[in-house]
Amino acid sequence: MFAAPRWLKALLGRGADVETPAARQTGTEGERSAEDFLRRERGLRILARNWRSGRDEIDLICGDGPALVFVEVKTRAAGGLVPGYYAVDQRKKTALLRAIRAYMKQLRPRPATFRFDIVVINRHPGGRETVEHFENVPLFPKRFLS
C-alpha cells in the first residue's frame, strides 16, 4: 500500500492511502493463506470472507466451537520494518469495532463468546511463507455489546 505523505493526507483527508493492484493481490493471496491455515491447522470453520459494513471490512469471520472469531489478516515481507501485528493500529481497531458491531447486530441469537485474532502472513524470498496466529487479541472494551 502506498503511504501518502502527511501533507497529502491533510489535503485529501484520512482516505489518502491508495491501494495499488499489486498490494490488493498480495492481500488477497495472504487472506487465502490465512484461511487455509485456520481451517487446516486450527480447525476453524470459515463463515464469511471480506464482510463489509460501509467502508469497514472484516477479513474473515470464523467459528471455533461455540465462539465467533473475527480475524484481521496482515501480509508482510519477512523482516519488514513494521511487523503485521503492530500494523493493526488504533484507527484500524476502531474501524474493526464498527464493523463487528454491525455484524453482531444482525445475529439472532448472539453468540455467547467471541474474540478477535490477527493472522500475519510473512512472505520470504523464494515464495516461502510463514504464518503467525495471535489469538484473543485485546480489542473489545468492557460492556462491548450491552
For the range 88-132, give me the residue count where each residue is over 10 Å from the mean Cα position of the chain (by Cα) and not in a strand (DSSP E or B).
26
Kindly establish whether Phe70 is farther than 20 Å from Thr28 by Cα, surrounded by 10 or more Cβ atoms within 10 Å (Cβ to Cβ) and in contact with a helix residue (DSSP H, G or I) (Cβ under 8 Å, 6 or more places away or on another chain).
no
Which of the following residues is among the hydrophobic types (A, V, I, L, M, F, W, C) and in contact with a Phe, Trp or Tyr (Cβ under 6 Å, 6 or more places away or on another chain): Phe70, Phe114?
Phe70
Say whether the condition of being farther than 16 Å from Gly80 by Cα and polar (S, T, N, Q) is met by at least one residue in the range 117-135.
no
Those residues of the range 73-110 which are modelled with pLDDT under 90 and among the small types (Gly, Ala, Ser), in sequence order
Ala77, Ala78, Gly79, Gly80, Gly84, Ala87
Evaluate the range 61-84: report whether one residue or more is touching a residue at least 24 places away in the same chain (Cβ under 8 Å), assigned to a helix (DSSP H, G or I) and under 24 Å from Arg45 (Cβ atoms).
yes
Just to verify a result, which residue in the range 40-60, among those that are on the phi > 0 side of the Ramachandran plot and in a loop (DSSP other than H, G, I, E, B), is surrounded by the fewest Cβ atoms within 10 Å (Cβ to Cβ)?
Gly54
Looking at Ala95, Ala77 in this structure, which one is touching a strand residue (DSSP E or B) at 6+ places or on another chain (Cβ under 8 Å) and more than 20 Å from Arg49 (Cβ to Cβ)?
Ala77
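The values are calculated or read from the model by the stated rules, or taken from the named source; none is laboratory data. Since the model is a prediction, treat every value here as computed from it, not as a measurement. Don't worry about glycine lacking a Cβ; one is built from the backbone with ideal geometry, like all the others, and counts go over all protein chains shown.
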